[in-house]
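Reading through the structure tokens given below for one structure.
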Amino acid sequence: MQDSRFLRFSSTLFELTKFALIIVVAITAFIIFVGKPLPVSGDSMLPNFRNGEIVIVEQISFSGNKMIKRGDVVAAKFPADPDKTKLIKRVVGLPGEKIEIKDTHIFVNGSSLNESYQPRYGDAPYQEIPSVTLKEGEYFLAGDNRPGSSDSRLWGPVTRNDILGRVSFVIFPPSDAEYVSRPSD
């Protein structure tokens, strides 16, 4: 009788260990091959992303012939602290474009930026870069909450190497879980 309980316990323990190992391998594979979780910190992306949400940053959509598009929400290294701080911002300027800031609005090659994602406008709490022409491999990033965002309007463009990946899912809190679609061509 004692042996049969021990065997059942051993079998159950083995199955639980096997299940836990499969979960660990699956999560590790997901993080390596699909995406990494990143918390949203601050209000710079309101109303579209909130402080405390957790998003998945993936690189698959930037591989092969798929490129970064205007309107993509990306995770990027913060220029003042690239080793530690990761930011979530929206791509508003692409390589070769002239970006101008006029009365808190962004203009690309002389035309007002068409923004369907409903950013918040207002004066930035700092002196904005009035104009910049992006070089090859440079991108201009902005927060959706323009008055509350430190972004390329302050610290200038970022390079392709500074962009870690595209924000593709909101996973936490569960009530906010959703796929973050890419802009259409």
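Could you work out how much longer the chain between Ser111 and Arg50 gets when fully extended? Use 0.36 nm per residue separation minus the Cα distance between them, nm to one decimal.
Working: separation 61, 0.36 × 61 = 21.96 nm, distance 2.92 nm.
Gain in length upon complete extension: 19.0 nm.
Which pairs break 28 Å Cα to Cα here: Lys102/Lys135; Lys77/Lys135; Lys77/Lys102; Lys18/Lys86? Show your work: numbers first, answer last.
Details: Lys102/Lys135 21 Å; Lys77/Lys135 18 Å; Lys77/Lys102 26 Å; Lys18/Lys86 35 Å.
Going by Cα-Cα distance, Lys18/Lys86 fall outside the 28 Å limit.
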Solvent-accessible heavy-atom area per residue, rounded to whole Å², over the chain at 1.4 Å: 59 Å²
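If packing is taken as the average count of other Cβ atoms within 10 Å, what order do 96-108, 42-54, 144-156, 116-128 fall into, highest mean first?
144-156, 42-54, 96-108, 116-128
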J(HN,Hα) series, the stretch 120-135, from Karplus relation 6.51 cos²θ - 1.76 cosθ + 1.60, nearest Hz, glycine and proline x: 9, 9, x, 5, 6, x, 8, 6, 7, 5, x, 7, 8, 9, 6, 7
Neighbourhood charge, 15 Å Cβ-Cβ cut-off, centred on Ala26 and excluding it, Lys, Arg +1 and Asp, Glu -1: +2
For Val55, residues with placed amide H under 5 Å, excluding near neighbours: Leu38, Val40, Ile171
Percent RCO, i.e. relative contact order, over the stretch 54-141, from Cα pairs under 8 Å lying at least 6 residues apart: 27 percent
Selected from Leu21, Leu113, Leu94 as most flexible by GNM, with the chain as the system and alpha-carbon contacts under 10 Å: Leu21
Contact order normalised by residue count of the chain, Cα under 8 Å, 6+ apart, percent: 23 percent
Mean separation of Cα contacts under 8 Å, 6 or more apart, over the residue count of the stretch 88-185: relative contact order %: 26 percent
Accessible surface of the chain, 1.4 Å probe, proportion on carbon and sulfur as whole %: 59 percent
Phi-based couplings in Hz for the stretch 159-169 (Karplus 6.51, -1.76, 1.60; Gly and Pro marked x): 8, 4, 5, 7, 8, 7, x, 9, 6, 10, 9
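The values are calculated or read from the model by the stated rules, or taken from the named source; none is laboratory data. Because the structure is a prediction, the values reported are computed rather than measured. Here the Cβ is made from the backbone with ideal geometry for all residues, glycine too, and neighbour counts use every protein chain on show. Heavy atoms of the whole protein, side chains included, go into the accessibility calculation; ligands, DNA and RNA do not. Shrake-Rupley method; radii C 1.70, N 1.55, O 1.52, S 1.80 Å.
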